[in-house]
Amino acid sequence: MTAPLLVVDHVSKRFPLKVTFADKLTARLSGRRAGGAVHAVTDVSLSVDRGEVVGIVGESGCGKSTLGRIVSGIYAPTEGTVTLDGKPVAKGREDHVNKLTTRVQMIHQDPFASLNPRMKVGETISEGPRTHGLVPSSEVRERTRELLQQVGLEGAYADRLPHQFSGGQRQRIAIARALAMQPDLLVLDEAVASLDVSIQAQVLNLFLDLRRDLGLTALFISHDLSVVRHVCDRVAIMYLGRVVELAPADELYARPEHPYTKALFASVPTLGTGRRVFEPVKGEIPSPIDPPPGCAFHPRCPFAGPRCRVEIPRLTAAGEGRSVACHLNDGGVEAKAA
Ligand code: SF4
């Protein structure tokens, strides 16, 4: 067996809250400590094999984008390690970590915001390879044209500016820019979420073609269950910063195990499109500043028992490549006898 390309090992990320003078005063008067932190990602471990596409799914604020940024080296983890081919991806100071690797490339939700409006798309695509000496100067122009053609655009578009393209075309340019760096891993963060449904399908089909032709490895972050099913081999479900279920996509869609995954799958088809979207899970998402004790899902879980309120469930094997973090799968939800 070959080693996984990407290994995320017990990674956590906390963002300290800014403490103002008023906060300090209020804390002193109330006898509490000032400050605190947003627990964006907590103790996440997963791996991605070469040629594999792993989906990260969850509601807004579940930590999936933060995890993507940690894997991309944009954020350094507070705890844990991320390795690519056995070498650390993210380390050092927060504002420098993104310079440590070119082997992971991120594709963002909003292609317009991620492209320099004053730079011709050819320059945008070739900037990275030029800076890092990946392509000889004499070949840069030809390589840029090839990349544009690879993502379904004409080579002559290299001389145009981003505003001359549609949203779908701009996302194709963003993909070409990422591929130009010859990455080992792509991180797609809601990469088709801002596009119309028909354009989404075209960009997803392009991704599938590129995956087949280039053997791409990717983390595919999305809140859209239909999109994830279409492109992913395995899927991790995140809730309040933790992975609560990880399984092969077919298995997960056929038989969700974790109560939160089941709640997500209690979704409704959108009229006319055949797509499925989240039906809001009952109850409020708890604050990531002060996550509930025990299982973070217990305030919303219909199966919660006394044990769930005090003991954090660990991600444990639950058959054929599946892991689930729920006391229903590890001894029951009743309090353990002392
Ligand atoms: Fe529900 Fe308890 Fe399982 Fe958490 S551990 S999902 S509260 S049954």
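Any read-out appearing in this document is the output of simple, stated calculations on the displayed coordinates, not a laboratory observation. What you are looking at is a predicted structure, and each value in this text was computed from that prediction instead of being measured. Counting neighbours? That spans all protein chains shown, and the Cβs are built from the backbone with ideal geometry, glycine included.
Given points 7 Å out from each Cα along the Cα-Cβ axis, report the R118 to S166 separation in nanometres with one decimal.
Here the answer is 3.0 nm between the modelled labels.
With n ≥ 4 as the cut-off for DSSP H runs, can you work out [θ] at 222 nm for the chain, using -39500 (n - 2.57) per run divided by the number of residues, rounded to the nearest 500?
Values: 9 runs with 95 residues, N = 338.
That comes out to -8500 deg cm²/dmol.
Please give me the summed charge of the neighbours of G305: other residues whose Cβ is under 15 Å from its Cβ, Lys and Arg +1, Asp and Glu -1. Spell out each step's value before the answer.
On the way: positive: R300, R307, R309, K336; negative: E311, D330, E334.
Cβ neighbours under 15 Å give a net charge of +1.
What residues have an amide H closer than 5 Å to that of Y239, excluding those fewer than 5 places away on the same chain, when H is modeled at 1.01 Å from N in the peptide plane?
Residues meeting the criterion, in which the H sits 1.01 Å from N, are V244.
Can you compute the radius of gyration and Dmax for the chain, using only the Cα atoms, both in Å?
When restricted to Cα atoms, the chain yields Rg and Dmax of 21.6, 73 Å.
Among I221, I107, I289, I74, rank each residue by its count of other Cβ atoms within 10 Å, from fewest to most, as a rough exposure measure. Intermediate values should be presented prior to the final figure.
Working: I221 28, I107 25, I289 12, I74 17.
Lowest count first: I289, I74, I107, I221.
From the phi angles alone, apply the Karplus equation (6.51, -1.76, 1.60; θ = phi - 60°) to segment 135-145 and give each ³J(HN,Hα) in whole Hz, x where the residue is Gly or Pro.
After applying 6.51 cos²θ - 1.76 cosθ + 1.60, I find 10, x, 3, 5, 9, 4, 4, 5, 5, 4, 4 Hz.
If we count every other residue with Cβ under 12 angstrom of M238's Cβ, Lys/Arg +1 and Asp/Glu -1, where does the sum land? Walk me through the intermediate numbers first.
Numbers: positive: K64, R242; negative: D43, E59, E245.
Around M238, the charge tally is -1.
Between V89, L195, A266, whose Cα lies farthest towards the positive end of the dipole of the chain when Lys and Arg beta carbons carry +1 and Asp and Glu beta carbons carry -1, centred on the Cα centre?
V89
Roughly how many nanometres apart are two label points built 7 Å out from the Cα toward the Cβ at A193 and A254?
Rounded to a tenth, the inter-label distance reads 3.0 nm.
Loop by DSSP (not H, G, I, E, B), at most 14 other beta-carbon atoms within 10 Å: where is the longest site-free stretch of the chain for GluC sites (Glu not before Pro)? List each step's numbers first, then the result.
Details: sites that count: E94, E154, E284, E320, E334.
It runs 155-283.
In the neighborhood of L5, defined by Cβ-to-Cβ distances under 9 Å, what is the net charge if each Lys or Arg adds +1 and each Asp or Glu adds -1? Walk me through the intermediate numbers first.
Details: positive: R50; negative: D49, E52, D85, D184.
Taking every other residue near L5 into account, the sum is -3.
Tell me which residues come under 5 Å, amide H to amide H, from L5 once H is placed; ignore anything under 5 positions away on its chain.
Placed amide hydrogens put V48, D49, R50 under 5 Å from L5.
Would you kindly derive the ³J(HN,Hα) couplings of segment 121-130 from the backbone phi angles with the Karplus curve 6.51 cos²θ - 1.76 cosθ + 1.60 (θ = phi - 60°), listing them in order in whole Hz, with x for Gly and Pro?
These are the phi-based 3J(HN,Hα) values: 4, x, 5, 4, 5, 8, 4, x, x, 5 Hz.
Give me, ordered by chain and number, the residues 5 or more places off S12 or on other chains with an amide H under 5 Å from its own placed amide H.
D43, V44, T78, E79, G80
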